[in-house]
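Below: one structure, written as structure tokens.
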Amino acid sequence: MFEPFPGNYVWNLQTNLALVCGGNHGEIDVAIRPIKEAAANGEDAGTAQLFDSWIAVADQVCKNAEADEAAGYRLSAGTKYGRASGYYLSAERMQSRDYAPRWEAYDKGLQLFRKYVECRGLHIDFVEIPYGDTSFPGIFVHDGSGIPRPALVSCNGLDSMKEQVYMAGHGQSNLERGIYTLFVDQPGTGEALRKRGLTAVYNSEAWATPAYEYLASRADVISSKIGMFGLSLGGYYAPRAAANEPRFALCAVMGANHLWGNLQHRRLQREGENPVPHYWDHVMWVWGHDNLDSFMKYCDNITLDGQIEKIRMPFLITHGQGDRQVPVSDAYRCKEQAVNAAKCDIRVFTPADFEIEHCGADNGTAMRDFIADWCAQTFAELG
């Protein structure tokens, strides 16, 4: 992994994710150079300085996009709006929930993502998924043909957002293989958490079933070929959903997360790396708890033990050999328990793949494209 901040995994991870999500190395270099000294003070200290540096770059890229748009160069403008959106969202993701400037940055990121879609003329529908007496948002990526095709529900991890997963190339990779994708901000993530106060639930089928039913209702989706995909903590959510919603045709994960609840107990002992600064504040916000004791008790529910055995559709597990957040043993545990899956494939990515970190943060293409290939092949095998 590219590590401009020696000894600060969380800040290095942010930098790599920004690159994976379409960031420009020259722009990112300008964002990170002024904060190298601040990074030496640890992952939590200095995040306000980090925020200011990234926002300054995002603001300038946005201005450049506006100049392109004014000149009539809409494609160029759209590309820059997309990068600026990514930088705003990246800066926002690194802050504590009581850091007030984050909210404006988040809104700007959402606004510019829509400008990116508009200027580039992309076939992306902004949709709502019913959820109890409310809804959560998604973006549906298709080819505009109206031809029915297989589709995936793509869910976030602990701290990712639908726009980021899309910008990491998953939508395009799937589309090239004839698969549409519904990227959701499920409860506990993105807009669902920030705008609607919808917190995470361990029984992910509660929101995955409505996502499935939304896709099944579309005339341009083959209802018998709807799969479930998740990355990072989505490596818990997706298999849990597939185990309890048998209408999914397949399930694939980027990063197994078999024992996430148990992992929190280990993180209290500083075992493994955290994904974001202000970690405990963030996870309690995500899961809707106001104290650590109640959250840790709730964590006992967040396990795939007793769930994986219920998966009967084809199941793919991918993991990085050098994952510093979630041990590769979680992937093998998933594989061992998937005794009833129609097929269960596992691939652990090694240095030969140039991608060994958590969810491929050090490269961003190998796991992504392999998963897309496997899904396309498996959908074809289903007839």
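Rule-based calculations on the coordinates, nothing more; no lab input. Because the structure is predicted, anything quoted here is derived from the model rather than measured. Cβ sites come from the backbone with ideal geometry, for glycine too, and all protein chains shown count toward neighbours.
The longest stretch of the chain left intact once loop-based GluC sites (Glu not before Pro) with at most 16 other Cβ atoms within 10 Å are removed from consideration, loops following DSSP, is 1-175. Largest GNM mean-square fluctuation among PRO275, PRO210, PRO351, using the chain with Cα springs under 10 Å: PRO351. Among the lysines of the stretch 123-381, pairs that are 8 or more positions apart or on different chains and have alpha carbons within less than 21 Å of each other number 6. A convex hull fitted to the Cα coordinates of the stretch 14-76 yields 79 cubic angstrom per residue.
Within 10 Å of each candidate Cβ there may be at most 10 other Cβ atoms; applying that plus a DSSP loop requirement, which chymotrypsin sites (Phe, Trp or Tyr not before Pro) in the stretch 157-187 survive? Present the calculation step by step, with values, prior to reporting the outcome.
Working: sites: TYR166, TYR180, PHE183; in loops: none.
Of the chymotrypsin sites (Phe, Trp or Tyr not before Pro), not one in the loops of the stretch 157-187 has a Cβ with at most 10 other Cβ atoms within 10 Å.
When you filter the trypsin sites (Lys or Arg not before Pro) in the stretch 204-292 for DSSP loop state and at most 12 other Cβ atoms inside 10 Å of their Cβ, you are left with ARG270. In this rough spin-label picture, where each label sits 7 Å from Cα along the Cβ direction, the ARG33-LEU292 distance is 3.9 nm. Averaging 1/r across all pairs of distinct Cα atoms in the stretch 141-197 and inverting the result yields a Kirkwood radius of 11.9 Å.
Considering only SER329, SER85, SER145, give the residue with the highest GNM mean-square fluctuation for the chain, with springs between Cα atoms whenever their separation is below 10 Å. So, out of SER329, SER85, SER145, the one fluctuating most is SER145.
Reducing the stretch 291-357 and the stretch 102-177 to their Cα centroids gives an inter-centroid distance of 25 Å. Along its three principal directions, the equivalent ellipsoid of the stretch 49-163 from the Cα gyration tensor extends over semi-axes of 26, 22, 10 Å, largest first. Which of PHE126, PHE113, PHE140 moves the most in a Gaussian network model of the chain with Cα springs under 10 Å? Highest fluctuation of the listed residues: PHE126.
Projected onto their three principal axes, the Cα atoms of the stretch 123-381 cover extents of 52, 45, 32 Å, largest first. For the chain, adding -39500 (n - 2.57) for each run of n ≥ 4 DSSP H residues and dividing by the number of residues yields -14000 deg cm²/dmol at 222 nm. The stretch between GLU381 and ASP98 holds 97.0 nm of extra length on full extension. This uses 0.36 nm per residue minus the Cα-Cα distance. When you filter the trypsin sites (Lys or Arg not before Pro) in the stretch 276-345 for DSSP loop state and at most 11 other Cβ atoms inside 10 Å of their Cβ, nothing is left. Just so you know, the Cα atoms of the stretch 199-286 work out to an Rg and Dmax of 15.3, 50 Å.
Just to verify a number: FRET efficiency for ALA56 and VAL339, C-beta to C-beta distance, R0 = 41 Å, to 0.05? Intermediate values should be presented prior to the final figure.
Details: r = 53 Å, r/R0 = 1.30.
After rounding to 0.05, the efficiency reads 0.15.
The label-point distance for LEU268 and ALA219, in a model that sets each label 7 Å from Cα toward Cβ, rounds to 5.5 nm.
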